[in-house]
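Below is one structure, written out as structure tokens, with a few remarks after it.
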Amino acid sequence: MDTEIVVKKNFKYRLYPSAAQTIALDTQLAEACRLYNAALQERRDAYRMAGKSLNYCDQANQLKDIRAAGDLGLINAQCAQDVLRRLDKAFKAFFTRIKRGQTPGYPRFRSASRYDSITFPTYGDGAKLLDNGKLRIQGVGQIKLKRHRPIEGVIKTVTVKRESGKWYAFLSVECEAKSLPPSTEKTGLDLGLQAFATLSDGTEIENPRYYKEAEACLRRAQRKVARRKRGSNNRKKAVRDLQRAHAHVRNQRADFAHKISRMLVELFGLIVIENLKIKGLAAGMLAKSVNDAGWSSFIAKLTYKAAEAGRVLLKVDPRGTSQRCVCGEPNPKTLSQRWHYCEICGLSVPRDHASAFEILRLFHRQAHVHSDGSCPCAVESRTSWGLLGGRPT
Ligand SMILES: [Zn+2]
């Protein structure tokens, strides 16, 4: 009776190439970059001289001859096709935006230092995990890989990436969803600026303290870059340090997002969150806060973990959730007002807790609008605090 849902996941592992392997990897990236730029040049010329637009197939058909003539150092054929597919994607995005009446920039040439990954679209063709735990990359050899967590599912593609001087392998896999035992617990989630999030039962999830330290570190690194002379070796070093600091913050954020989303999916069968796109609009300047990046990465992880576990995740329009009481009465507050008190129903809780309540209530309202009375919570919702996550104190 288990419904089989296939989910896609990425596993990221650190690679430890030898000095010679690093040179070989750099060469593969440089060649991929050269192919990308050449293909872009060809598209430009074809359009300028003949008014003709080339597509992926036009370009991919030439690959065989180019490779036969030994003009390309990118060793794996499918890897080369993937480079052309990336360019094709850039052009498709460009044309889509033109169609929408926007004025996008024409796809650009890439510098070798910015072209930092190659993808092997078919696992086993050019890239393979070996029994000895190493990753074999065609033209590079067997690279040491740190498998800090076991891989699950069937590997589909392998991407090798250079990130601020370090190398990583991204393995995309498809695996069967492992659904958790069903849960009737529900929660609303308010993503906040002070606490990371507040649940509708009043639980606050704090931002981890190490965020602050990492951000201070980031600011120091930024200042250092600004003070160094352009083009100097010291500046290059400072830029490298800054990239490392950014990567560190990114990793911490991802780690935190993994932990919190896993916990929520284990606890609740139904999770209601704010639609971030709308929240961004509504919050204006506040949306630029450091939390912004954290939120979207968190929601991405929550989304796939919920899907995998067979949980329901719903997004509601967050506008007004901090300006209304769950009883439906308006409750205007300025941003500095951290407490919610309603004179009508007597609800007295922290501000974000009230918002989380309201987010969960919005789901119930939506559910009722869309159903014909068959919604299981149609009866309860009229009566109690119960399904809002417990009676407020
Ligand atoms: Zn009220």
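The values are calculated or read from the model by the stated rules, or taken from the named source; none is laboratory data. Quantities reported herein were computed from a predicted structural model and do not represent experimental measurements. We place every Cβ from the backbone using ideal geometry, glycine too, and count neighbours over all the protein chains shown.
Inspection of the range 152-159 finds no residue satisfying the criterion of being under 30 Å from V349 (Cβ atoms), in a strand (DSSP E or B) and of a type outside the set (F, W, Y). For the range 46-54, the criterion of being crowded, with 17+ Cβ neighbours inside 10 Å and basic (K, R) is satisfied by no residue at all. Close Cβ contacts (under 7 Å, 6 or more residues apart or on different chains) running from residues in the range 313-330 that are in a loop (DSSP other than H, G, I, E, B) to residues that are of a type in the set (S, T, N, Q) comprise D317/N275; P318/N275; T321/S355; S322/S355; Q323/N331; C325/N331. Summed over the range 338-354, residues that are under 22 Å from L191 (Cβ atoms) and more than 7 Å from the ligand (Cβ to nearest atom) total 9. State whether one or more residues within the range 72-88 are free of Cβ contacts under 8 Å to residues at least 12 places away in the same chain and in a loop (DSSP other than H, G, I, E, B). No, there is no match, as no residue in the range 72-88 is free of Cβ contacts under 8 Å to residues at least 12 places away in the same chain and in a loop (DSSP other than H, G, I, E, B). Scanning the range 73-103 for residues that are at pLDDT below 90 and touching a Ser or Thr at 6+ places or on another chain (Cβ under 7 Å) gives a single hit, G73.
Considering only the range 327-337, I want to know if a residue exists there that is surrounded by fewer than 19 Cβ atoms within 10 Å (Cβ to Cβ), within 13 Å of the ligand (Cβ to nearest atom) and hydroxyl-bearing (S, T, Y). Checking the range 327-337: not a single residue is surrounded by fewer than 19 Cβ atoms within 10 Å (Cβ to Cβ), within 13 Å of the ligand (Cβ to nearest atom) and hydroxyl-bearing (S, T, Y).
Note on the range 316-326: residues that are within 13 Å of the ligand (Cβ to nearest atom) and among the polar types (S, T, N, Q) amount to 1.
Only one of the listed residues (V140, V154, V158) is closer than 30 Å to I23 by Cβ and without any contact (Cβ under 8 Å) to a residue 40 or more places away in the chain. That residue is V158. Yes or no: G202 out of contact with any Cys (no Cβ under 6 Å at 6 or more places or on another chain), on the phi > 0 side of the Ramachandran plot and buried (at least 16 other Cβ atoms within 10 Å of the Cβ)? Yes: the conditions hold for G202. A single member of A226, A254 is part of a helix (DSSP H, G or I) and surrounded by 15 or more Cβ atoms within 10 Å (Cβ to Cβ), and it is A254. In the range 141-165, the qualifying residues are those that are more than 20 Å from the chain's Cα centre (by Cα) and among the basic types (K, R), and the one that is farthest from F11 (Cα to Cα) is K144. Any residue that is in a loop (DSSP other than H, G, I, E, B) and either over 23 Å from L74 (Cβ atoms) or assigned by TED's automatic domain parsing to the domain that holds A24 (or both) - is there at least one of those in the range 168-176? The answer is no, given that none of the residues of the range 168-176 is in a loop (DSSP other than H, G, I, E, B) and either over 23 Å from L74 (Cβ atoms) or assigned by TED's automatic domain parsing to the domain that holds A24 (or both). Of the numbered criteria (1) assigned to a helix (DSSP H, G or I); (2) within 30 Å of V6 (Cβ to Cβ); (3) in contact (Cβ under 8 Å) with a residue 24 or more places away in the chain, the one K259 fails is (3).
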